[in-house]
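Peer 1: For reference, the structure I am asking about is given below.
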Amino acid sequence: RYSLVVGFGATLSAVVVGLVLGVLSGLAPRWLDGILARAIEVLMAFPEFLVALVVIAITGPGEAGIIVAVAFAALPAYARVARVETLIVKRAGYVRSARALGVPALATVVRHIVPGTLGPLVVMATIGVGTAIVSAAGLSFLGLGPKPPTPEWGVILSEGRNFLGTAWWIAVFPGLTITATVIATNTVGRWLREHTAGRRE
């Protein structure tokens with residue numbers, strides 16, 4: 001439960017903040033959009049786990065620190081997708097019609113642009129939950145997360161490696177559970193992506 005809370009919490013936080021930044025970037029003037037886009041690309045140039053390590057070194061270890069670190073590391077990918085989708089949706093006919101009818105800009109964004117951007121982000125987030133769980137477990141394994149005896153998969157793996165010769169199951173079964181969880185979330189995410197792509201076609 002602890003690992004799942006961290007994985008889902010970090011993914012949800014990254015999606016929400018990434019959606020806001022992506023929509024703002026897509027609707028901003030060209031010069032501001034260029035600055036935000038370059039900043040997102042710079043962050044995406046670094047591995048997510050490395051970014052998470054830097055963030056958790058600043059925020060400090062613990063449950064809240066891991067969620068913030070993993071969310072910040074995943075944030076650029078969601079922001080980039082949200083920006084691209086915003087650039088596409090804002091040129092759609094129904095958005096232009098809403099503006100021509102005098103619908104306020106904020107209402108247009110909330111009613112039309114944000115819903116049109118959410119679909120790809122939800123599919124992406126389904127796959128991203130597995131990555132968030134692995135990243136959180138890796139940080140906990142390195143001792144940057146919760147401390148024993150917290151029942152977290154990374155902590156259990158870290159403790160179990162000292163007993164591989166006498167009690168191998170302490171480390172093996174949490175590892176298998178992480179693998180099964182990641183495979184399950186990726187399978188659901190790929191099915192959603194294919195289903196969404198089929199509907200768009």
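The values are calculated or read from the model by the stated rules, or taken from the named source; none is laboratory data. As the structure is a prediction and not an experimental result, all values here were calculated from the model. FYI the Cβ positions are ideal-geometry reconstructions off the backbone, even for glycines, and counts take in every protein chain you see. Just the protein is used for accessible areas: all its heavy atoms, side chains included, with ligands, DNA and RNA removed. Shrake-Rupley method; radii C 1.70, N 1.55, O 1.52, S 1.80 Å.
Peer 1: Say we look at the range 71-113 and pick out the residues that are among the hydrophobic types (A, V, I, L, M, F, W, C) and either touching a Cys at 6+ places or on another chain (Cβ under 9 Å) or not in a helix (DSSP H, G or I) (or both); which of these is farthest from Ala45 (Cα to Cα)?
Peer 2: Restricting to residues being among the hydrophobic types (A, V, I, L, M, F, W, C) and either touching a Cys at 6+ places or on another chain (Cβ under 9 Å) or not in a helix (DSSP H, G or I) (or both), the top hit is Leu101.
Peer 1: Go through the range 108-128 residue by residue and tally those that are open to solvent by less than 10 Å² (accessible area, probe 1.4 Å) and either more than 14 Å from the chain's Cα centre (by Cα) or farther than 16 Å from Ala79 by Cα (or both).
Peer 2: 3
Peer 1: Also, quick follow-up: On the basis of being in a helix (DSSP H, G or I), under 17 Å from the mean Cα position of the chain (by Cα) and aliphatic (A, V, I, L, M), does Ala180 make the cut?
Peer 2: Criteria not met by Ala180.
Listed here are the residues, each with its yes/no results for (1) touching a residue at least 24 places away in the same chain (Cβ under 8 Å); (2) among the charged types (D, E, K, R); (3) at negative phi.
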| residue | (1), (2), (3) |
| --- | --- |
| Phe8 | yes, no, yes |
| Glu48 | yes, yes, yes |
| Val51 | no, no, yes |
| Thr59 | no, no, yes |
| Gly62 | yes, no, no |
| Thr86 | yes, no, yes |
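Peer 1: Could you say which residue among Leu43, Leu24 is modelled with pLDDT under 90, out of contact with any Cys (no Cβ under 9 Å at 6 or more places or on another chain) and assigned to a helix (DSSP H, G or I)?
Peer 2: Leu43
Peer 1: Let me ask you something else. Could you grab me the full set of residues in the range 129-169 that are open to solvent by 60 Å² or more (accessible area, probe 1.4 Å) and touching an Asp or Glu at 6+ places or on another chain (Cβ under 8 Å)?
Peer 2: Listed by number, the residues that qualify are Thr131, Pro148.
Peer 1: Are there any pairs with C-beta distances below 6 angstrom linking a residue in the range 148-169 that is among the basic types (Lys, Arg) to a residue that is modelled with pLDDT under 85 and open to solvent by 90 Å² or more (accessible area, probe 1.4 Å), with the two at least 6 apart or on different chains, and if so which?
Peer 2: Short answer, once both residue conditions are applied: none.
Residue-wise test of (1) closer than 20 Å to Leu87 by Cα; (2) in contact with a Phe, Trp or Tyr (Cβ under 8 Å, 6 or more places away or on another chain).
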residue: Arg99; (1), (2): yes, no
residue: His112; (1), (2): yes, yes
residue: Pro115; (1), (2): yes, no
residue: Gly119; (1), (2): yes, no
residue: Val122; (1), (2): yes, no
residue: Lys147; (1), (2): no, no
residue: Val155; (1), (2): no, yes
residue: Asn162; (1), (2): no, no
residue: Ala184; (1), (2): no, no
